[in-house]
């Protein structure tokens with residue numbers, strides 16, 4: 001048994017200007033299959049584009065902060081000291097736990113010596129990442145909080161971490177990808 005193939009040239013094929021019933025059935029079938037596929041992919045697309053809530057970002061920041069404190073207990077703070085980073089994390093997650101941070105409380109939260117913490121607070125102030133506000137109840141105390149810029153920078157990073165499985169180029173790529 002031999003199989004022969006006939007090659008047809010474009011001029012040899014009849015093209016009907018109107019689609020026949022079989023063509024219409026095929027088009028409908030393809031569209032229905034595509035709709036089924038789109039419907040089944042919708043939850044996956046939603047998860048891929050899901051922007052985490054503030055609570056989820058805060059929980060992530062708290063896990064990072066808590067992990068750093070645990071690491072200090074195990075290895076000490078001399079090996080991996082990053083007081084500025086610890087302060088930003090603390091200012092983001094500790095207020096969600098009901099803690100307002102004064103200048104001295106922020107120094108303690110950073111796990112660094114008071115003089116080191118004060119130097120780092122000054123750097124963060126100059127960078128516009130934190131701000132200070134007088135305590136209305138006790139004029140001797142000054143609270144520290146993230147500025148909108150500091151919050152945005154940290155949230156960009158947390159968003160990038162949240163979507164790390166996508167491996168975007170950097171934190172800003174996550175925001176651009178989702179918009």
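The values are calculated or read from the model by the stated rules, or taken from the named source; none is laboratory data. Everything numeric here is computed off the predicted structure, so don't read it as measured data. Note: ideal-geometry Cβ built from the backbone for every residue, glycine included; neighbour counts use all protein chains shown.
Observations on the model:
- Top-ranked residue of region 92-116 - restricted to ones that are in contact with a strand residue (DSSP E or B) (Cβ under 9 Å, 6 or more places away or on another chain) and not in a helix (DSSP H, G or I), ranked as farthest from residue 78 (Cα to Cα): 100
- Test result for residue 89, surrounded by 13 or more Cβ atoms within 10 Å (Cβ to Cβ), at pLDDT 90 or above, in contact with a strand residue (DSSP E or B) (Cβ under 7 Å, 6 or more places away or on another chain) and under 22 Å from residue 59 (Cβ atoms): no
- When 31, 25, 71 are screened for being within 26 Å of the chain's Cα centre (by Cα), surrounded by 10 or more Cβ atoms within 10 Å (Cβ to Cβ), modelled with pLDDT of 70 or more and assigned to a helix (DSSP H, G or I), only 71 passes.
- So residue 19, is it loosely packed, with under 11 Cβ neighbours inside 10 Å, modelled with pLDDT under 85 and more than 30 Å from residue 123 (Cβ to Cβ): no
- Filtered by the rule that a residue be at pLDDT 90 or above and either over 20 Å from residue 61 (Cα atoms) or surrounded by fewer than 22 Cβ atoms within 10 Å (Cβ to Cβ) (or both), region 102-116 gives 102, 103, 104, 105, 108, 114, 115, 116.
- Hits in region 117-136 - residues which are in contact with a strand residue (DSSP E or B) (Cβ under 9 Å, 6 or more places away or on another chain), in contact (Cβ under 8 Å) with a residue 24 or more places away in the chain and either surrounded by 14 or more Cβ atoms within 10 Å (Cβ to Cβ) or in a helix (DSSP H, G or I) (or both): 121, 124, 129, 130
- Matching residues in region 34-65 - criterion: being within 30 Å of residue 109 (Cβ to Cβ) and at pLDDT below 70: none
- Qualifying positions in region 137-164 - over 22 Å from residue 62 (Cβ atoms) and either in a strand (DSSP E or B) or under 15 Å from the mean Cα position of the chain (by Cα) (or both): 142
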